Amino acid sequence: MATNVQSYNNTAGTNQLSAENATFYQTAMLDRLLPELVYMKYGEPKNIPKRHGATAQWRRLNSLAVSTTAVTEGVTPDGVDLVITAVTATVQMYGNWTKISDFLDLTGLDPLLTETSELMGENAGESIDTIVRDVIYAGTNVQYANSKASRVTVASTDKITALEILKARRTLRRSKVKQVNIPGRGKGWLAFIHTDVAMDLMQTDEWKKANVENGTKNFEDGIIGKLYGIYFIEVDNGVKYTGAGASSADVYATLFVGRGAYGVPDIEGSSKPDIIVKGAGSAGTADPLEQFNTVAWKAILAALRINELCLVRLESAASV
């Protein structure tokens with residue numbers, strides 16, 4: 001995901017960032033931004049044209065019942081009605097900023113504008129990914145480890161197993177959920193797995209056989225391996241329900257995802273964060289002594305679950 005770099009001032013020709021500086025701050029932000037974007041990467045994008053409102057809509061035709069009755073010669077059978085399901089999401093603006101005095105920038109031991117640009121990149125990435133995460137993990141298609149009935153009954157011993165993965169896979173298959181096209185790797189379903197849960201999974205015999213004994217190497221982009229046609233993506237920003245299980249056990253969510261599961265609309269690329277650097281003095285009379293620099297980011301986006309059947313949330317415990 002690229003970023004846009006902007007500089008603003010209230011007095012033309014004063015304290016504008018040079019093109020070289022703009023590129024420098026953009027690069028600094030990208031170095032910290034890109035590693036944080038996981039959920040955003042796999043969402044289905046949709047562009048809202050500029051000045052066409054703030055709402056995006058996904059529409060899909062519902063599947064038809066199979067037709068197994070032979071057609072009588074010369075008789076036109078009854079047709080079927082098409083049913084369209086529509087879901088919508090409205091984009092919103094998000095952002096953050098901070099102020100740095102010119103004195104601190106001059107006397108401090110660290111290059112604050114550069115480091116702050118990097119920090120804002122990290123903050124933008126974490127914030128955007130959390131916005132998307134909180135939406136897609138809130139689905140209604142839930143599976144509890146060890147056949148438990150609810151989150152509050154999940155015990156500390158109810159950890160992820162190959163059987164639980166097979167159950168989630170079965171749910172996706174029964175719902176005819178299509179696999180995701182993964183560049184350079186073919187097709188497969190995805191599973192966003194918390195680091196703590198990944199440790200348990202990687203110790204199972206089934207995982208070792210599929211990903212170690214068969215010589216499968218770790219993949220890039222956070223994909224740690226593949227099991228039963230599911231690519232597992234380890235996420236630092238996973239979901240943990242602290243103390244929500246039986247006897248206050250921590251419960252973790254692993255999210256299985258198929259094609260068309262969730263969308264991430266924006267307005268003409270507005271989900272790509274702007275980094276906004278304002279030099280001291282650019283605020284005109286609001287900064288009469290030209291004392292303050294500011295560094296900020298902003299983005300306009302939304303997230304929505306397009307099809308609940310394409311998302312399966314497995315809740316389990318984990319070793320800590």
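Students often check this: by mean Cβ neighbours within 10 Å, which of 78-88, 167-177, 294-304 ranks highest, and how do the rest follow? All intermediate terms of the calculation are to be shown ahead of the outcome.
Details: 78-88: 9.2, 167-177: 16.2, 294-304: 21.7.
With the highest mean Cβ count within 10 Å placed first, the list reads 294-304, 167-177, 78-88.
Run the dipole for the range 45-174 about the Cα centre, Lys and Arg Cβ at +1, Asp and Glu Cβ at -1, nothing else charged, and hand back the magnitude in debye, nearest 20.
Numbers: 15 positive and 14 negative charges, 169 e Å.
With Lys and Arg at +1 and Asp and Glu at -1, about 820 debye.
Give me a comma-separated list of calculated 3J(HN,Hα) values for the range 194-205, in order, Karplus coefficients 6.51, -1.76, 1.60 applied at θ = phi - 60°, integers in Hz, x for any Gly or Pro.
Whole-Hz 3J(HN,Hα) from phi for the range 194-205: 5, 3, 5, 6, 4, 4, 5, 4, 6, 9, 6, 4.
Going toward the positive end of the dipole of the range 150-255, with +1 on Lys and Arg Cβ and -1 on Asp and Glu Cβ, which of Leu255, Thr242, Thr157 do you reach last?
In the range 150-255, that residue is Leu255.
Whole-Hz Karplus ³J(HN,Hα) for the range 168-181, in order, using 6.51 cos²θ - 1.76 cosθ + 1.60 and θ = phi - 60°, x for Gly and Pro?
Per-residue couplings from phi come out as 5, 4, 4, 4, 5, 5, 4, 8, 6, 6, 6, 7, 8, 7 Hz.
How much FRET efficiency would the formula 1/(1 + (r/R0)^6) give for His52 and Thr85, where r is the Cβ-Cβ distance and R0 is 25 Å, rounded to 0.05? Each step should come with its number before you reach the end.
Details: r = 22 Å, r/R0 = 0.88.
Once the sixth-power term is evaluated, E becomes 0.70.
From the phi of every residue in the range 45-62, what ³J(HN,Hα) in whole Hz does the Karplus formula 6.51 cos²θ - 1.76 cosθ + 1.60 yield, where θ is phi - 60° and glycine or proline is x?
With the stated coefficients, the range 45-62 comes to x, 8, 9, 9, x, 4, 6, 10, x, 10, 10, 10, 10, 10, 10, 9, 7, 5 Hz.
Would you mind counting up the charge near Pro49? Only other residues with Cβ under 15 Å from its Cβ, with Lys and Arg at +1 and Asp and Glu at -1.
Numbers: positive: Lys46, Lys50, Arg51; negative: Asp266, Glu268.
Charge balance near Pro49 sits at +1.
Where a number appears in this text, it was derived from the coordinates with a stated rule and is not lab data. All of these numbers come straight from a predicted model, not from anything done at the bench. Cβ coordinates were reconstructed from backbone atoms using ideal geometry, including for glycine residues, and neighbour counts include every protein chain displayed.
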